[in-house]
Every structure is written in structure tokens, then in C-alpha cells.
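Okay, structure first, notes after.
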Amino acid sequence: MLRWLATAAIAALLVLDVVLPHTSLGRRGPEALQRADVAGVTVQVGAPAPDVSLRTLEGAPLSLARFRGHPLLVTFERSVDW
């Protein structure tokens, strides 16, 4: 029973992940407001990343220069406010 329930919950989340972005709940205004149209930076694999300053989820400043010399994986996720 528990395995079936877990499978159903995962399937429901996958369906929401596919369907929700195409509904009014998944949209956040005009496309121009959703992304910043800035010139991109191309970085070769293995090359040092450009120095980028961001803010953490708590609002503290964070610079990629702090991680210089260490392997680092940076991902950007869209926030979903239910």
C-alpha cells in the first residue's frame, strides 16, 4: 500500500511539473519581466568561472571568487510560490 501511494505521489508531482508552467499559476508576467536580457558570458569547460556576486537565500552577499581553486557546480532554479 505504501509503495503504491509513493508511486502515485511521484507521478502526480511529475504531471504538475509538466503541466503547471503552461497555466496561469505557472506564469509570472510578460517574458521580458521573467528574464534579464543581458549579454551572455561563455566559459570553456575547465576554465575559471567569471567572478559573479549573488545573494544567498538568507540575503547575504556571496561571490564566486570565494570558491576559487575548488570544484563548484552552480545551478539556477526557478522559484515557485504556491
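Structure notes:
- Here the Karplus relation 6.51 cos²θ - 1.76 cosθ + 1.60, evaluated at θ = phi - 60°, turns the backbone of region 53-64 into coupling constants of 10, 10, 10, 6, 4, 8, x, 6, x, 9, 10, 5 Hz, with x for every Gly and Pro.
- With neighbour counts taken as other beta-carbon atoms within 10 Å, the residues 75, 56 rank, fewest first, as 75, 56.
Bear in mind these aren't lab numbers, they're just calculated from the coordinates by the rules spelled out. On a predicted model such as this, the values are computed, not experimentally measured, just so you know. Cβ coordinates were reconstructed from backbone atoms using ideal geometry, including for glycine residues, and neighbour counts include every protein chain displayed.
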